[in-house]
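I have placed the structure first, in the form of structure tokens, so that the comments after it can refer back to it.
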Amino acid sequence: MRSFTGRDILSLKDFERNEFFRVFEIAERMEPIARNRRNTDLLKDKTLVTAFYQPSTRTRLAHEAAMIRLGGSVTGFSDAKMTRAGDFYQETIKDTVKMLEFYGDVIVMRHFQQGAPHEAAKWASVPIINGGDGWGEHPTQILTDLYTVLREKGRIDGLKWLAVGDMRMRTMHSLAYGLTQFDCPITFVSPPNMSLTDEFKADIAKYGLNYREAEHVEQAIADADVILVEPVVQPDYTKSRDERTGEVGWTPSNYKITRELLTTKAKSDAILLHSLPRMDEIPPDVDITRWSRYWQEAFNGVVMRMALLALVLGAVE
Ligand code: CP
């Protein structure tokens, strides 16, 4: 297996099956630290730099919380407008990361341009973690989700997935790439204007992903062991910021997981994931049902980032 020390985490297309299990093994080792709300000194001499060119609640703060749990330090920015990249100078990714690498030992970057973390990785001498790039990928989120499935269901292989939402989403791309390494058939349900692109389909076909597409969640939910939902009412991920201006509309029933749908159609032991934030695609009354696992998924978001930071910084081998 390739070493994780010094490695960039840019895409799940790069991940081999045994590497997934190595990450999950380290995450399981980290989990009691986070669960018991303890801090350790595993990364006490290391600093995480957060470079967020797009808003985030979970990805940035989970990485920061993970670093703090491991005894490390954190610096960075959550709004590029406060940096030279977001003012008159429009400083390039290259020039920015050439600075950031002097301020810390690992950089997590979220950017509105697809491929920006890859560009950063070309120039940085420290590992770059992709915290979401435009419509590109969100590898740490899907590692979190796969780990959640493993912990909640005891296995990943052999489970049937249903993914609902906007298939242009970066999470959906990382999910499709990730599942190519497992025995997991998946059904994608999305509005026609948000379906998997032909280019992406050609790409995943090369890896032999077992998938089909359906028009309505009702056509696929009965078979699903894992239901992963994302919004179809959402902002433009290619913008640095997309403010809400007035009414944004409601989620059509085709793409909505309600308590009634779960109760009448879903498997009794299926689990429901959502990376959050949500709109109305999962109403709040679903939170207190036996299917919901998105709060557990959010907790695992810290655990997974602890594992990734420890691995890329060489604290575990
Ligand atoms: N799941 C996720 O990426 O959330 P944030 O946009 O809040 O980071």
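Here's the yes/no breakdown for (1) of a type in the set (A, V, I, L, M, F, W, C); (2) open to solvent by less than 10 Å² (accessible area, probe 1.4 Å); (3) touching a residue at least 40 places away in the same chain (Cβ under 8 Å):
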{"site": "ARG110", "(1), (2), (3)": "no, no, yes"}
{"site": "GLY115", "(1), (2), (3)": "no, no, no"}
{"site": "HIS118", "(1), (2), (3)": "no, no, yes"}
{"site": "SER125", "(1), (2), (3)": "no, no, no"}
{"site": "GLY131", "(1), (2), (3)": "no, yes, yes"}
{"site": "GLU137", "(1), (2), (3)": "no, no, yes"}
{"site": "GLN141", "(1), (2), (3)": "no, no, yes"}
{"site": "TYR147", "(1), (2), (3)": "no, yes, yes"}
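Out of LYS94, LYS153, LYS160, I need the residue that is basic (Lys, Arg) and assigned by TED's automatic domain parsing to the domain that holds ILE26. Which one? Please lay out each step first, then the result.
On the way: LYS153 fails: assigned by TED's automatic domain parsing to the domain that holds ILE26; LYS160 fails: assigned by TED's automatic domain parsing to the domain that holds ILE26.
Going through LYS94, LYS153, LYS160 in turn, the sole match is LYS94.
Yes/no per residue for (1) within 16 Å of the ligand (Cβ to nearest atom); (2) open to solvent by less than 10 Å² (accessible area, probe 1.4 Å):
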| site | (1), (2) |
| --- | --- |
| ILE156 | no, yes |
| ARG170 | yes, yes |
| SER190 | no, no |
| LEU196 | no, yes |
| ALA202 | no, no |
| ILE221 | no, yes |
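Quick check on my filter: what residues within segment 44-69 are assigned to a strand (DSSP E or B) and either in the same structural domain as THR171 (by TED's automatic domain parsing) or more than 14 Å from HIS138 (Cα to Cα) (or both)?
Within segment 44-69, THR47, LEU48, VAL49, THR50, ALA51 meet the criteria.
Can you name the number of the only condition in (1) in contact with a Pro (Cβ under 6 Å, 6 or more places away or on another chain); (2) within 16 Å of the ligand (Cβ to nearest atom); (3) open to solvent by less than 30 Å² (accessible area, probe 1.4 Å) that MET279 fails?
(3)
How do the pairs read when you match residues in segment 85-102 that are in contact (Cβ under 8 Å) with a residue 24 or more places away in the chain with residues anywhere that are among the acidic types (Asp, Glu) and not in a helix (DSSP H, G or I), using Cβ under 6 Å and keeping only pairs 6 or more apart or on different chains?
Hits for this filter: ALA85/GLU91.
Name the one entry in ARG212, ARG151 that is touching a residue at least 60 places away in the same chain (Cβ under 8 Å) and either in a strand (DSSP E or B) or open to solvent by 50 Å² or more (accessible area, probe 1.4 Å) (or both).
ARG151
Take segment 51-66 and flag every residue that is within 11 Å of the ligand (Cβ to nearest atom) and in contact (Cβ under 8 Å) with a residue 60 or more places away in the chain.
Of everything in segment 51-66, those that are within 11 Å of the ligand (Cβ to nearest atom) and in contact (Cβ under 8 Å) with a residue 60 or more places away in the chain turn out to be PHE52, GLN54, PRO55, SER56, THR57, ARG58, THR59, ARG60, ALA62, HIS63.
Give GLU137, GLU218 a once-over and let me know the one that is of a type in the set (Asp, Glu), modelled with pLDDT of 95 or more and in a helix (DSSP H, G or I).
Answer to the selection: GLU218.
Using beta carbons and a limit of 7 Å, which pairs, at least six apart or on different chains, have the first residue in segment 271-290 and among the acidic types (Asp, Glu) and the second one away from the ligand (no atom under 15 Å from the Cβ) and assigned to a helix (DSSP H, G or I)?
GLU281/TYR255; ASP285/ARG259
Quick check, is ALA176 in contact (Cβ under 8 Å) with a residue 12 or more places away in the chain, in contact with a helix residue (DSSP H, G or I) (Cβ under 7 Å, 6 or more places away or on another chain) and part of a helix (DSSP H, G or I)?
Here the answer is yes, as ALA176 does meet what is asked.
Going through segment 67-112 one residue at a time, which ones are in contact with a Lys or Arg (Cβ under 8 Å, 6 or more places away or on another chain), within 13 Å of the ligand (Cβ to nearest atom) and not polar (S, T, N, Q)?
VAL108, ARG110, PHE112, listed by residue number.
The values are calculated or read from the model by the stated rules, or taken from the named source; none is laboratory data. All values derive from a computational prediction rather than experimental measurement. Every residue, glycine among them, receives a Cβ derived from its backbone with ideal geometry; neighbour counts consider all protein chains shown. Calculation scope for accessible area: heavy atoms of the full protein, side chains included, ligands and nucleic acids excluded. Shrake-Rupley method; radii C 1.70, N 1.55, O 1.52, S 1.80 Å.
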